[in-house]
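All remarks here apply to the structure that follows.
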Amino acid sequence: MTSALFVVSEEGYWAEECIEPLTTLESEGVDVTVATPSGSPPVVDERSLDPEAAGGEEVVAEYREIDAEHPELTDPAPVATVDAADYDAVVFPGGHGTVWDVNQDRHARQLLLDAVAGEDGVALVVCHAVGILAFTNEADGTPLVEGRAVTGFPNEWEADIVNEDDVMPDGRKLPYWVEDEVVLAGADFDAELDADESVTVDGDLITARGPGSSSAAAATLLDEL
């Protein structure tokens, strides 16, 4: 059976970016495992459950039910205990929360490295989780993202969320902007702001811009699998 590992934030994952790929893969018979940095259940970003952001009250109700009742989301594994070699794909859903935990976690970065090593694995990285690429290096120190084409959460969108001191509406200080960091690491970054969706494939690495691109990202991952 084809399998996928989802590495999800405990600090705030974006509902659509996790649940749409998760349920899409499961509907096609993919066996899904969820892991979080500590093994505690992931926490959904309440902003992603605003009906206007999510696409209506019915969608929000479905997301809330899945978040509360999905057996993998309610009982995840710690990232230190899972191995990318055991899965056909590793998925990193986005959400601002990833900048505080997943993107900074050495075990999560190793999962990403292992997923794109060789010819068998593939990784999907979405939205703010794309920031993990800026902190993931090959054994010789070369940034994993150097020279790769990627998309992700763009500065233009971030500027509409944080204030002049990079403080978010919930009071947390955003430590970095995704586009800035991955560009500094050598990525060929293009969020395709004129397009409704943005999904980029570069070898075994798939990246998606953010909300609105989750379904296309899931379909792309299925094609790669």
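The values are calculated or read from the model by the stated rules, or taken from the named source; none is laboratory data. For clarity, every value in this text was computed on a predicted model and none was experimentally measured. Cβ: placed from backbone, ideal geometry, glycine included. Neighbour counts: every protein chain shown. Note: areas computed on protein heavy atoms with side chains; ligands, DNA, RNA excluded. Shrake-Rupley method; radii C 1.70, N 1.55, O 1.52, S 1.80 Å.
For the reader, a short list of remarks on this structure follows.
- Residue list for the stretch 45-71, restricted to those being touching an Asp or Glu at 6+ places or on another chain (Cβ under 6 Å) and closer than 23 Å to residue 10 by Cβ: none
- Screening residue 163 with (1) under 25 Å from residue 50 (Cβ atoms); (2) in contact (Cβ under 8 Å) with a residue 12 or more places away in the chain gives one miss only, at (2).
- Candidate set from the stretch 104-127 (those that are in a helix (DSSP H, G or I) and farther than 13 Å from residue 90 by Cα); member that is most open to solvent (accessible area, probe 1.4 Å): 106
- Pairing residues of the stretch 135-159 that are of a type in the set (Asp, Glu) with residues that are assigned to a loop (DSSP other than H, G, I, E, B) and open to solvent by less than 40 Å² (accessible area, probe 1.4 Å), at Cβ distances under 6 Å and at least 6 apart in sequence or on separate chains, gives 146/186.
- Check on residue 47, charged (D, E, K, R), open to solvent by 40 Å² or more (accessible area, probe 1.4 Å) and in contact with a Leu (Cβ under 8 Å, 6 or more places away or on another chain): no
- Taking helices (runs of 4 or more DSSP H) as the structural unit, those lying wholly within the stretch 1-103 and holding at least 1 residues that are out of contact with any strand residue (DSSP E or B) (no Cβ under 6 Å at 6 or more places or on another chain) and over 26 Å from residue 224 (Cα atoms) correspond to 51-54, 57-69, 71-74.
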